[in-house]
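Student: Pasting in a structure now, in structure tokens, and then I'll have a few things to ask.
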Amino acid sequence: MGSAQSAASNPRFATASRAFTKQELEDLKSLFVSLAAQSQSDSKYISPSIFQAFFGISGPLASRLFELVSQKRNDGMVTYEDLVISKAVYEKGTRDEIEEFIYGLCDVNGDGFLERCDLEAVLDSISDAVFTPNSSQAALSSSKVVMKAFLSATEFSQEVEGKAENCMSLVDFRNWCNVIPSARNYLGSLLKPPDTVRPGFQIPHLLHPENLSPESLTLQKEHAWQILGSLSQSGSQQWKLVYHSAINGLSFSTFMGSISSVEGPTILVMKDIEGHIYGGYASQPWERHSDFYGDMKSFLFQLYPQASIFRPTGQNNNLQWCAVNFSSDSIPNGIGFGGRANHFGFFLSSSFDQGHSFTCTTFNSPCLSKTNQIRPDVIECWAVLTKEINHDKTELVRGSVLERFKEDRNMLKLVGLANSSE
């Protein structure tokens with residue numbers, strides 16, 4: 001009865017209610033009643049402190065979200081009608097409606113313009129909610145450096161009278177969300193219950209040898225969070241280090257041997273001698289080919305000093321490259337992504353001491369480093385452990401003659417020496 005009266009007296013609430021199923025509305029009502037009871041408001045409203053504590057956010061971004069959900073009344077109250085109206089736009093609206101809501105959310109000081117200081121506050125909120133719990137001082141310092149790379153990916157093209165610096169337009173913001181997808185995922189899931197899977201709040205579990213400290217890895221948890229934003233959330237929560245140049249040596253043959261048993265996707269990460277960090281997500285296993293292969297799930301990325309994701313444009317199918325022991329100059333030996341032979345988006349030669357990166361239409365990516373010619377400092381390869389693949393299989397039957405034979409055949413195929421009829 002109460003909901004019917006509210007709908008009759010509030011047309012916006014009536015319209016918003018139609019975006020939900022009966023069960024969803026009942027669940028929302030139950031949530032509101034619970035939070036309102038904790039707010040000690042005679043079940044009339046949710047207080048700011050209870051709102052922030054339940055959804056697990058704090059700081060300026062949390063205050064701004066509360067302001068928007070309460071319809072900017074500035075009375076310190078979120079009613080049931082407020083919650084339904086906000087979630088109808090934020091979670092059930094069109095893509096444009098959702099992005100405009102999030103764009104307004106990021107204007108944390110509420111002056112109508114998205115400035116650099118606003119985005120810094122947003123990234124601080126992400127850092128506090130996702131990365132910093134139980135972190136050491138060294139980890140916190142590293143996190144701040146990485147978060148600056150996310151800020152470096154922004155453009156502020158909107159000139160505003162009276163503002164010393166340009167502001168971020170809605171188009172700028174949408175472009176930023178495209179290259180920092182995990183930030184978009186985080187900002188789009190703030191009103192989801194904390195006991196559910198909230199995109200943008202997860203970090204892959206990085207499995208690596210005990211003799212390697214997390215701080216010594218090139219791929220930091222903030223980098224992994226950024227890459228995860230472009231992957232399916234299911235089955236992408238564990239990444240295993242299968243090659244590290246500091247442990248395995250800067251060797252192409254060792255690299256190929258280390259990844260020969262990996263059946264699923266891998267993430268190739270490189271830090272060059274200039275200190276730039278970048279790489280590619282290979283959706284298909286690394287296998288010997290004389291031409292490009294792969295699918296549209298592959299992408300390139302930059303992680304430092306600027307962070308960006310570059311997805312396939314569909315301009316061509318030159319996605320993944322793995323050439324081993326070819327003698328033709330037109331088939332350069334090594335591994336790479338995008339572009340064309342001898343002019344890749346990202347390429348490591350089989351000598352593993354040099355490579356190159358050029359602008360390419362495959363991913364609409366720029367040169368990933370400071371110069372086109374690159375020299376590796378550290379190379380890592382991570383296997384993305386998916387539910388579809390039984391990654392314990394090798395360990396379980398590794399000692400069998402059959403399994404050793406299969407592994408030997410895989411290596412022979414990689415170097416081009418297996419029987420061509422197989």
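The values are calculated or read from the model by the stated rules, or taken from the named source; none is laboratory data. Just so it is clear, the structure is predicted and the values come from calculations on it, not from any experiment. Positions of Cβ are backbone-derived with ideal geometry, glycine not excepted, and every protein chain shown enters the neighbour counts. Accessible surface is based on the protein model in full, side chains and every heavy atom, while ligands, DNA and RNA are left aside. Shrake-Rupley method; radii C 1.70, N 1.55, O 1.52, S 1.80 Å.
Student: Sort the following peptides by mean Cβ neighbour count (other Cβ atoms within 10 Å, averaged over residues), highest first: 102-115, 164-177, 203-216.
Tutor: 102-115, 164-177, 203-216
Student: I would also like to ask the following. If you bin every alpha carbon distance in the stretch 226-322 into 10 Å steps from zero, what whole percent lands in each bin?
Tutor: Percent of Cα pairs in each bin: 14, 44, 38, 4.
Student: Still on this model: Nearest 0.05, what FRET efficiency do D75 and Q238 give at R0 = 51 Å with Cβ-Cβ as r?
Tutor: The pair D75/Q238 has a calculated efficiency of 0.65.
Student: Continuing with the same structure: Run the numbers for C117 and L170: contour at 0.36 nm per residue of separation, minus the present Cα-Cα distance, in nm.
Tutor: In short, 17.5 nm is gained.
Student: Give me the percent of DSSP beta bridges within the chain that run antiparallel, rounded to the nearest 5.
Tutor: Values: 46 of 49 bridges.
For the chain, the DSSP antiparallel bridge percentage is about 95.
Student: First select every other residue whose beta carbon is under 15 angstrom from the beta carbon of N109; then total the charges, Lys and Arg +1, Asp and Glu -1.
Tutor: Residues close to N109 contribute a combined charge of -4.
Student: Now for a different question. Given points 7 Å out from each Cα along the Cα-Cβ axis, report the S30 to N10 separation in nanometres with one decimal.
Tutor: For the pair S30/N10, the computed spacing is 2.1 nm.
Student: Another question, then. With Rg and the Kirkwood Rh both taken from Cα atoms, where does Rg over Rh land for the chain?
Tutor: 1.04
Student: Once you place label points 7 Å from the Cα toward the Cβ at R375 and S152, how far apart are they in nm?
Tutor: 2.0
Student: For the stretch 63-185, rounded, prolate or oblate, judged on the Cα gyration tensor with a ≥ b ≥ c (square roots of eigenvalues), a/c < 1.5 rounded, else prolate if a/b > b/c?
Tutor: It comes out oblate by the Cα gyration axes.
Student: Can you tell me the accessible area per residue over the chain, all protein chains present, probe 1.4 angstrom, in square angstrom?
Tutor: Per residue, the chain has an accessible area of 47 Å².
Student: With n ≥ 4 as the cut-off for DSSP H runs, can you work out [θ] at 222 nm for the chain, using -39500 (n - 2.57) per run divided by the number of residues, rounded to the nearest 500?
Tutor: Here the helix-only value at 222 nm equals -11000 deg cm²/dmol.
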